[in-house]
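One structure below.
Here, each number is a calculation from the coordinates, and none is a lab measurement. Keep in mind it's a predicted model, so treat the numbers as computed, not measured. FYI the Cβ positions are ideal-geometry reconstructions off the backbone, even for glycines, and counts take in every protein chain you see.
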2 protein chains.
Amino acid sequence: MAGTRWLDEREMAAWQGFLEATSRVSRHLEQQLKEDAGLSHPHYEILVRLAAAPDGEVRMTDLAEGLFTSKSGLTYQVGQLEKRGLVERHSCPTDVRGVLAALTPEGRDVLRAAAPGHVAAVRAALIDVLEPDELDVVARALGRVGRRLRPPAQETGSSDSGGISTSSS
Amino acid sequence: MAGTRWLDEREMAAWQGFLEATSRVSRHLEQQLKEDAGLSHPHYEILVRLAAAPDGEVRMTDLAEGLFTSKSGLTYQVGQLEKRGLVERHSCPTDVRGVLAALTPEGRDVLRAAAPGHVAAVRAALIDVLEPDELDVVARALGRVGRRLRPPAQETGSSDSGGISTSSS
DNA sequence: GACAGGTTGTTCAGATTTGAATGACTGCCC
DNA sequence: GGGCAGTCATTCAAATCTGAACAACCTGTC
């Protein structure tokens, strides 16, 4: 297999830059969020998704998919949030197996308090570090990268509450 | 609180794209590496760093810094690699406290066997998905992002410094 | 030499993540 | 109606990660 195409210097720079930016941004935001609002990044993301949903509640499976995490991991995190009273669980009326995670008023308050600081941190770490044209290229390029690694796609999703429109295809 | 500059649509696209690409690429490569070579991504990166070092051995602290991980995390990972015989520990001659992690011949073999598959996966997931001009922008932009989040003091010229450009703009 | 202050790597307890197995349910086809 | 494959969320054991605490050591100053 002499056919391995190794990475040249430019490609290596992109790959290393991606790895370093990934690790550092993630770690930095994790820390900032924890100090500033007592939330982990997964916690924050869960609250955001719930707040963005039409009725403030989302099916566990949909939530896990949106957060790029495993279902068991989500069960744990939602459990933690429930203990704190930021999230509640209801069973889904149309499917007894289903569980809806719902934002409580306290959860909404915590999110409202945490959001400005988090957005500022995201700007400082990433967004405002990029030139406007870089921003667009990163959005387009990384968007494509992420989309290509999405799970095979669940067809027949036409059931009903679809709700979350995926990015304009 | 009117001072919060929320993310507009373009900025949100960049941020979400970054998050999704980050998660998916990381998870994808982790899996590919594990199936293909029985290594986790941290394991692989450790072997790469050691193989790239002049004498095939690196100080624990330097290694941790290069891998963007905590020192205790590295102790654990190197311990795992040592159990498998892929890495050895020597004490540093110039500093009794210091520990040098060194690649064993077996470790070099495992790395050599794993590298082609990993590089191919990195290409398929990220590098070859980007247009050449996108590649350069990503390298430059994310490189800057990562560099700005580096811990304050860095000396004794580590791996590469390639010129610390003061983002005077 | 002695000593304060910083560094080095490990250990420890605790939190989190993962994948496999599980129990409960749905939808569909016969 | 009954069976069968698939879905949903949880539980469990095992692996991993983190930060704080720790013991041992270096470095500079006096």
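A few remarks follow.
- Using Cβ point charges alone (K and R +1, D and E -1), the dipole size of the range B:1-105 about the Cα centre works out to roughly 260 debye.
- Contact order, relative form, for the range A:39-131: 27 percent (alpha carbon pairs under 8 Å, 6 or more residues apart, mean separation divided by residue count).
- Amide H contacts for residue A:100 (H built 1.01 Å from N in the peptide plane; partners 5 or more residues away or on another chain; cut-off under 5 Å): A:90, A:91, A:92.
- Shielding of peptide A:129-137 by partners, expressed as the average count of other chain Cβ atoms within 10 Å per residue Cβ, is 6.
- Shielding value for A:23-36 is 3, the average number of Cβ atoms from other chains within 10 Å of each residue's Cβ.
- For the range B:35-43, 3J(HN,Hα) computed residue by residue from phi via the Karplus equation (6.51, -1.76, 1.60; θ = phi - 60°) reads 5, 7, 9, x, 10, 8, 5, x, 4 Hz, glycine and proline entered as x.
- Of the Cα atoms belonging to the protein assembly as shown, the radius of gyration and Dmax stand at 21.8, 69 Å.
- Near the amide H of residue B:86, within less than 5 Å, lie no amide hydrogens of residues on another chain or at least 5 residues away, with H placed in the peptide plane.
- Counting only other chain Cβ atoms within 10 Å of each residue's Cβ, the peptide B:112-123 averages 3.
- Normalised contact order of chain A, rounded percent, pairs of Cα under 8 Å and 6 or more residues apart: 20
- 3J(HN,Hα) along the range B:115-131: 4, x, x, 5, 4, 4, 5, 5, 4, 5, 7, 10, 4, 6, 7, 9, 5 Hz, from the Karplus curve 6.51 cos²θ - 1.76 cosθ + 1.60 with θ = phi - 60°, whole Hz, x for Gly and Pro.
- Of all lysines in the structure, those lying under 30 Å Cα to Cα from residue A:34, and not within fewer than 8 positions of it along the same chain, are A:71, A:83, B:71.
- Working note: Cα atoms of chain B, range along each principal axis, descending, whole Å: 56, 37, 32.
- Computed 3J(HN,Hα) for the range A:108-114, one whole-Hz value per residue from the Karplus formula 6.51 cos²θ - 1.76 cosθ + 1.60 where θ = phi - 60°, is 5, 5, 4, 4, 4, 6, 7, glycine and proline marked x.
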